[in-house]
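Laboratory data are not the source of any read-out in this text; all were calculated from the coordinates shown. Everything quoted here is computed from the prediction, not taken from an experiment. Because the Cβ atoms are built from the backbone with ideal geometry, glycine has one as well, and the counts that use them run over all protein chains shown.
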Amino acid sequence: MRRGSVFAGFFVLLGLLPSPASAKIYIDITQVSDRSFPIAIVPPVRVRGDEDPNLMGEQFARKLRDDLELMGLFRFIEKGAFLEDPNKKGFAVPDIDFASWTVLDVLALTKGWYRVEGKRLTIELHLFDVLLRQELTAKRYEGTVSDVPKIAHKFANEIMRVLAGEEGVFDTRIAFIGKRAGHKELYAMDFNGDNLEQLTDDRSIVLSPAWDKDGRSIYYTSFKGGKTPQLWKYDLRRKDTSRVASMQGMVIGLSLSPVENILATTLTKDGNSEIYLLEMDGRTRDRLTNNREIDVSASFSPDGRTLVFVSTRDGSPQIYKMDRNGQNAQRLTYKGANNTTPVWSPRGDKILFAGMDTDGQVDVFSMNIDGSGMVRLTYDSRNNEEPSWSPNGQLITFTSNRKGSYQIYVMRPDGSKQIQLTNGSFDHLMPKWGPLNK
């Protein structure tokens with residue numbers, strides 16, 4: 001059953017209002033810190049137009065806070081503590097009582113206005129530096145009354161751009177595999193778990209979702225129509241599936257190059273599990289591995305020049321890396337007996353993987369790209385598996401059965417601020433974060 005669509009609704013960004021340029025970085029998201037950035041989100045005030053029994057301003061403020069809270073970077077000043085009247089209709093620097101916000105130790109402040117005319121919504125939003133008494137950015141959006149969550153996502157992205165110098169992920173999607181009624185199907189949802197949508201209805205076993213670099217299609221493998229998994233594609237615009245290619249043997253795991261129109265996968269057509277590069281239509285380009293052991297789970301580096309993968313060539317499954325042409329294979333992990341599902345960070349400086357520790361449970365680990373600096377990110381919470389980076393490297397999604405069935409969680413790159421995104425009655429597996437909207 002489908003419960004919404006990423007393409008539902010419509011709104012237009014009218015542009016940046018005049019405001020002082022600012023290159024200051026207020027939040028360094030690359031640094032581990034227990035400190036949170038204090039921000040006050042004042043609900044936008046209705047200035048004119050039709051009556052608004054749904055209180056769009058309050059809705060917007062809640063959605064904006066929910067988005068930013070997921071980042072684990074902010075401390076929110078509660079509305080009950082505001083000293084300045086939140087219903088005050090003043091949105092320019094001379095109209096703001098900055099002293100009242102300084103008393104509350106607020107560093108950033110959002111204010112704005114909106115109007116409702118029938119089903120149309122216009123909303124204007126401002127972000128201020130309280131200490132400098134300066135406007136950092138302002139945006140005006142138009143859409144329908146149902147676009148409040150989408151507008152909140154857009155402005156949350158703008159706040160991250162201004163305060164952290166990074167693109168936000170608040171309008172991205174996560175693909176995953178849902179296991180229910182004995183079948184595994186392809187699903188997608190918003191970055192925060194909203195708008196869950198079943199994409200396939202193969203009534204079979206669907207595995208290994210992988211987004212193309214433009215976010216227009218999701219490639220996956222499926223047993224549909226055969227006894228072995230083959231390569232398929234779901235077109236998000238046309239909302240349909242198509243078989244990309246039929247291979248001899250099995251297709252196991254997928255990684256699409258971030259810079260070229262090629263994909264890496266494992267094929268068993270020669271009787272053993274070897275890693276290949278394929279064209280997007282399934283034609284074989286190169287064979288990268290050639291040995292009697294198992295080579296699987298290839299993942300491209302951000303520049304497309306290197307791949308990490310899993311191999312049993314030295315006994316147990318361990319993480320290796322190799323050049324894009326299959327040369328210079330190098331073992332990276334030496335601890336643990338079962339290290340799997342490696343994935344390269346978008347910044348190119350870290351590799352995530354799932355590994356079984358001495359307690360027999362699986363946890364998510366991070367390491368440098370040369371195998372040094374290994375850090376365990378999850379602890380004592382049953383199995384934590386299948387990590388995936390957000391497209392800007394600010395967050396990590398993974399699966400965990402810490403509360404029973406496998407659900408999808410999100411955390412900071414240092415393992416902090418672990419938040420559950422899904423709460424369905426079925427297993428949620430293999431999450432893959434989609435690219436930033438372009």
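Entry note, the chain: relative contact order of 11 percent, from Cα contacts under 8 Å with a spacing of 6+ residues. Could you check the simple spin-label distance between residue 331 and residue 376, using points 7 Å along Cα→Cβ, in nm with one decimal? For residue 331 paired with residue 376, the spin-label model returns 2.2 nm.
Based on the Cα gyration tensor of the chain, what are the three equivalent ellipsoid semi-axes, each the root of five times an eigenvalue, rounded to whole Å and given largest first?
Numbers: eigenvalues 367, 117, 70 Å².
Semi-axes from the Cα gyration tensor: 43, 24, 19 Å.
Selection among 125, 381, 41 by position relative to the dipole of the chain gives 381 as farthest towards the positive end (Cβ unit charges, Cα centre).
Are there GluC sites (Glu not before Pro) in segment 27-125 that DSSP marks as loop and that have at most 10 other Cβ atoms within 10 Å, and which are they? It would help to have the intermediate numbers written out before the result.
Working: sites: 51, 58, 69, 78, 84, 117, 124; in loops: 51, 78, 84.
When the GluC sites (Glu not before Pro) of segment 27-125 are filtered for loop state and at most 10 Cβ neighbours within 10 Å, 51, 78 remain.
Residues considered: 200, 358, 122. Largest GNM mean-square fluctuation over the chain, using C-alpha springs under 10 Å, is found at 358.
When the pairs 213/321; 213/269; 213/239; 154/179; 269/432 are compared against a 20 Å limit on Cα-Cα distance, 213/321; 213/269; 154/179; 269/432 fall above it.
If you put +1 on each Lys and Arg Cβ and -1 on each Asp and Glu Cβ, how big is the dipole of the chain around its Cα centre, in Debye rounded to 20?
860
The relative contact order of segment 113-268, computed from alpha carbon pairs under 8 Å that lie at least 6 residues apart in sequence, is 11 percent. Quick one: helix 56-70 against the long Cα principal axis of the chain, what's the angle to the nearest 10°, folded into 0 to 90? Helix 56-70 and the main axis of the chain meet at about 40 degrees. Around the amide H of residue 430, modelled in the peptide plane, lie the amide H atoms of 177, all under 5 Å away and 5 or more residues distant in sequence or on another chain. Considering only 151, 396, 27, the mean-square fluctuation computed in a Gaussian network model of the chain, springs between alpha carbons under 10 angstrom, is largest for 27. Of the trypsin sites (Lys or Arg not before Pro) found in segment 62-112, the ones in coil according to DSSP and having at most 14 other Cβ atoms within 10 Å of their Cβ are 88, 89. Among 129, 370, 314, which one shows the highest mean-square fluctuation when the chain is modelled as a Gaussian network with alpha-carbon springs under 10 Å? Evaluated over the chain, the most mobile residue of the options is 314. Calculated mean residue ellipticity, 222 nm, the chain: -2500 deg cm²/dmol, from DSSP H runs (n ≥ 4) at -39500 (n - 2.57) each, averaged per residue and rounded to 500.
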